[in-house]
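Please treat every number below as a calculation from the coordinates, not as lab data. Keep in mind that what you see is a predicted model, and the values were worked out from it rather than measured. Because the Cβ atoms are built from the backbone with ideal geometry, glycine has one as well, and the counts that use them run over all protein chains shown.
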């Protein structure tokens, strides 16, 4: 790679570059797709839901939206064929698809459910990456793989043990593949968000209004995530501003991982000890 001498504005101009975003019809994936379109990229969006595909196609008319299921083992090859015919290369692969699937105690999961969770969060990503490697090599040096993982790859989460295992597997895959592809100038990195307000994890559903009084104290930066937070990280990682960044992770989490359970009380003091209020809510430092 050459030394990065471009201005930040020029580095974030993706005109003439092709980007694939899986699960790009909604949530974090859509936020990332929107950001790359705004930066001038030729964006391909893989989306399983026809209505979401139609919505994002209407909102982003320059993007090519492909209705497909990335869990289908034939899909990666079909997408690769589509991109090869259109541009002959792939500059950025964003592996965004993932889901809790089954939030249950580990002992309650059957083998099929375990396999499903691992396939959604790790298996399909491995297959997609392998299928896109020839196209990424055609764009190298300077092409990039960005895997959207989760904060749960780096901390424990009860009732989502297999999900966490899959996300941790992505982290290990990213580090190892980054080493393999570094001599070719292809970079591989992760984005690990904390809870982000999307239709998949809607805060209005997860956190009822009566529990939100001190929500701004739960995460150090005072709020939960937005798709645009991850989009900014993706633009950076795909750009020449990050040309010496590979095999690592950006924690887009408002400081949640660093906090490791520390929260602010309503009066602004820090604690790791939850208190029970009269109505049963757990609020750090609140009077019982």
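Calculate the FRET efficiency for residue 228 and residue 113 from the Cβ-Cβ distance with a Förster distance of 30 Å, rounded to the nearest 0.05.
Rounded to the nearest 0.05, the efficiency is 0.35.
May I ask for the angle, rounded to the nearest 10°, between helix 27-38 and the longest principal axis of the chain, with both axes built from Cα atoms and the value confined to 0 to 90°?
40 degrees
Give the calculated FRET efficiency between residue 64 and residue 157 to the nearest 0.05, with a Förster radius of 41 Å applied to their Cβ-Cβ distance.
Using R0 = 41 Å, I get an efficiency of 0.70.
Looking at the chain, send over the antiparallel percent of its DSSP beta bridges, to the nearest 5.
Bridges in the chain that DSSP calls antiparallel: roughly 15 percent.
Can you give me the relative contact order of the chain as a percent, contacts being Cα pairs under 8 Å and 6 or more apart?
Once normalised by length, the contact order is 18 percent.
Quick check: the distance between the Cα centres of the stretch 100-129 and the stretch 227-247, to the nearest angstrom?
27 Å
Taking the chain as the reference, fit the longest principal axis to its C-alpha atoms, fit the long axis of helix 124-139 to the helix C-alpha atoms, and give the angle between the two in degrees, 0 to 90, nearest 10.
40 degrees
If I build a Gaussian network model for the chain, linking alpha-carbon pairs within less than 10 angstrom, which residue out of 69, 112, 216 has the largest mean-square fluctuation?
Residue with maximal mean-square fluctuation among 69, 112, 216: 112.
Quick one: if the Förster radius is 35 Å, what FRET efficiency do residue 138 and residue 248 give, using the C-beta to C-beta distance and rounding to 0.05?
Approximately 0.90, to the nearest 0.05.
Calculate how steeply helix 227-238 sits against the longest principal axis of the alpha-carbon atoms of the chain, using the helix alpha-carbon long axis, and give the answer as 0 to 90 degrees to the nearest 10.
In the chain, helix 227-238 runs at an angle near 40 degrees to the longest axis.
If I model a spin label at residue 130 and residue 71 as a point 7 Å from the Cα along the Cα→Cβ vector, what separation in nanometres do I get?
1.9 nm
Would you work out the relative contact order for the stretch 23-164, in percent, from Cα pairs under 8 angstrom that are 6 or more residues apart?
24 percent
Output the relative contact order of the stretch 84-220, whole-number percent, from Cα pairs under 8 angstrom with separation of 6+ residues. Kindly include the intermediate steps, with their values, before the conclusion.
Details: 175 pairs, mean separation 38.0, N = 137.
Relative contact order of the stretch 84-220: 28 percent.
Describe numerically, in nm with one decimal, the distance between label points set 7 Å from Cα along Cα→Cβ at residue 175 and at residue 241.
Once both label points are built, they end up 2.6 nm from each other.
Once every DSSP H run of n ≥ 4 in the chain is given -39500 (n - 2.57) and the sum is divided by its residues, what mean residue ellipticity at 222 nm do you get, rounded to the nearest 500 deg cm²/dmol?
My calculation for the chain gives -10500 deg cm²/dmol from helical runs alone.
What list do you get for 230, 68 if you sort them by fewest beta carbons within 10 Å? Show your work: numbers first, answer last.
Details: 230 27, 68 19.
Least to most surrounded, the residues fall as 68, 230.
Provide the gained length on full extension for the span residue 213 to residue 104, in nm with one decimal, where the gain is 0.36 nm per separating residue minus the Cα-Cα distance.
Result: 36.5 nm gained on full extension.
Figure the gain on full extension for residue 269 and residue 13 (residue separation times 0.36 nm, minus the Cα-Cα span) and round it to one decimal in nm.
Values: separation 256, 0.36 × 256 = 92.16 nm, distance 4.30 nm.
Net length gain for the segment: 87.9 nm.
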